[in-house]
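**Q** Below: one structure in structure tokens.
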There are 4 protein chains.
Amino acid sequence: MGLSYVERNKEDLLSRLKKIEGQIRGIQKMIEEDRYCVDILLQISATRAALQKVALSLLRSHTRGCVARAIRQNRGDEAIDELMQVLDQFTR
Amino acid sequence: MGLSYVERNKEDLLSRLKKIEGQIRGIQKMIEEDRYCVDILLQISATRAALQKVALSLLRSHTRGCVARAIRQNRGDEAIDELMQVLDQFTR
Amino acid sequence: MGLSYVERNKEDLLSRLKKIEGQIRGIQKMIEEDRYCVDILLQISATRAALQKVALSLLRSHTRGCVARAIRQNRGDEAIDELMQVLDQFTR
Amino acid sequence: MGLSYVERNKEDLLSRLKKIEGQIRGIQKMIEEDRYCVDILLQISATRAALQKVALSLLRSHTRGCVARAIRQNRGDEAIDELMQVLDQFTR
């Protein structure tokens, strides 16, 4: 089969996280330069949304990979419970 | 086989939604009685959290039921994509 | 002075909450009728968003009313701290 | 008078953002090392919460500073409307 779903997404995820790292540094710069709070807050909001997209992408590959495999091997309930615990964190 | 996962949760979900309906009416009463905004807001926050728990419970039963079935029948990708679209709504 | 900000919004807030109450009952009906989970989840998501709008409207009137009054009377810090505690609940 | 509220928080905010930057790099490393998805997701969730705390801290200093000043100068409504637009982003 070759690469896992996570593997396939790896490059994409790393490039997104690299961009998010840059956004975090940009926010630091905005604070150092005493930029207007509201502009900083909107930048934080954009960064949070970008991080959320990374999480959704990982959730998709995790569900397609680990969770689907567990279901096919009749040990799905545990994997789904674990998935729900993660979702509980993300949907607060 | 018997009841589906949703079926099993049905009574529990309905009783939770009945309680949430009561909370919504309680919030209306608080507004009619000019109660302190902050108290009303905290009540809205509690209701939102209760609604979120209903959603998580449905997500669990949907994943254990429909999604798991689709995966076992080798048509999992579509079901997982649909699940992710729902999650995208809930994790904003 | 006449009506407070909350007072002015009262009718609007009550009409929105009445609609949300109807949405909650609609969700109960969907569960009773074994409707597709994903459709129920999207309806919950819409209801959650409607509730969030009510909260934002209350936050606005609270800030314009109580918080602004406290700031003008030089006792703003306490009111702002309380506001932040509420926001902490809503931004999780 | 001296430092503004933002100014006072500056060092604290920058140190938190530095830590968040480290967390983002840590997530990249986890992905490179093919760590378990669920562990990565929990780390993303923790980072998101840390970012949210930075936002709340900025919201507090913005409200205590800019918004309070605007209210005292009888031009509060505009500042509060702008604040609500930011909150609308953060409470989704």
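Per-residue answers, yes or no, for (1) within 30 Å of D:VAL67 (Cβ to Cβ); (2) of a type outside the set (Ser, Thr, Tyr):
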residue	(1), (2)
A:VAL38	yes, yes
A:LEU51	yes, yes
A:ALA55	no, yes
A:THR63	no, no
A:ILE71	no, yes
A:ALA79	no, yes
A:GLU82	no, yes
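**Q** Here is a follow-up. What's the number of the only condition in (1) surrounded by 19 or more Cβ atoms within 10 Å (Cβ to Cβ); (2) at positive phi that A:ARG48 fails to meet?
**A** (2)
**Q** Tell me which residues, restricted to segment D:81-92, are more than 10 Å from chain A (Cβ to nearest Cβ) and part of a helix (DSSP H, G or I).
**A** D:ASP81, D:MET84 - these are the residues of segment D:81-92 that are more than 10 Å from chain A (Cβ to nearest Cβ) and part of a helix (DSSP H, G or I).
**Q** Being touching a Lys or Arg at 6+ places or on another chain (Cβ under 9 Å) and either β-branched (Val, Ile, Thr) or touching a residue at least 40 places away in the same chain (Cβ under 8 Å) (or both) is the filter here, so list the residues in segment D:25-72 that pass it.
**A** D:ILE31, D:VAL54, D:SER57, D:SER61, D:ILE71
**Q** Just the residues that are touching a residue at least 12 places away in the same chain (Cβ under 8 Å) and either closer than 29 Å to B:GLU82 by Cα or touching a strand residue (DSSP E or B) at 6+ places or on another chain (Cβ under 7 Å) (or both), please, taken from segment C:12-24.
**A** Residues satisfying the conditions are C:LYS19, C:ILE20, C:GLN23, C:ILE24.
**Q** Just to be sure before I move on: is A:ILE44 aliphatic (A, V, I, L, M), under 30 Å from B:ARG72 (Cβ atoms) and in contact with a helix residue (DSSP H, G or I) (Cβ under 6 Å, 6 or more places away or on another chain) in the structure I sent?
**A** In short, no.
**Q** A further question follows. Pick from D:ALA70, D:ALA49, D:ALA55, D:ALA79: which is of a type in the set (Gly, Ala, Ser) and in contact with a Leu (Cβ under 9 Å, 6 or more places away or on another chain)?
**A** The unique qualifying residue is D:ALA55.
Listed here are the residues, each with its yes/no results for (1) of a type in the set (S, T, N, Q); (2) within 9 Å of another protein chain (Cβ to nearest Cβ).
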site	(1), (2)
B:GLN43	yes, no
B:ALA49	no, yes
B:GLN52	yes, yes
B:GLY65	no, yes
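**Q** Kindly indicate whether D:LEU56 is at pLDDT below 95 and either crowded, with 20+ Cβ neighbours inside 10 Å or among the hydrophobic types (A, V, I, L, M, F, W, C) (or both).
**A** When the stated conditions are applied, D:LEU56 passes them.
**Q** Would you please name the residue that is farthest from the other protein chains (Cβ to nearest Cβ), looking only at residues in segment C:29-41 that are farther than 18 Å from B:LEU59 by Cβ and assigned to a helix (DSSP H, G or I)?
**A** C:LYS29
**Q** Spot the failing condition for A:ARG92; the list is (1) among the basic types (Lys, Arg); (2) touching a residue at least 12 places away in the same chain (Cβ under 8 Å); (3) over 23 Å from B:ASP81 (Cβ atoms), and only one is missed.
**A** For A:ARG92, the exception is condition (2).
**Q** Now a separate question. Among the numbered conditions (1) facing another protein chain (nearest Cβ under 7 Å); (2) under 30 Å from A:VAL54 (Cβ atoms); (3) assigned to a helix (DSSP H, G or I), tell me where D:LYS19 comes up short.
**A** Only one criterion in (1) facing another protein chain (nearest Cβ under 7 Å); (2) under 30 Å from A:VAL54 (Cβ atoms); (3) assigned to a helix (DSSP H, G or I) is unmet by D:LYS19, namely (1).
**Q** Given the options C:ARG75, C:ARG92, C:ARG64, C:ARG69, name the one that is under 30 Å from B:HIS62 (Cα atoms) and not β-branched (Val, Ile, Thr).
**A** Sole residue among the options that is under 30 Å from B:HIS62 (Cα atoms) and not β-branched (Val, Ile, Thr): C:ARG92.
**Q** Of these, D:GLU11, D:GLU78, which one is at pLDDT 90 or above, more than 7 Å from chain A (Cβ to nearest Cβ), under 25 Å from C:VAL54 (Cα atoms) and in a helix (DSSP H, G or I)?
**A** D:GLU78
The values are calculated or read from the model by the stated rules, or taken from the named source; none is laboratory data. Quick caveat: nothing in here was measured; it's all calculated off a predicted structure. Every residue, glycine as well, gets a Cβ built from its backbone with ideal geometry; the counts of neighbours run over all protein chains shown.
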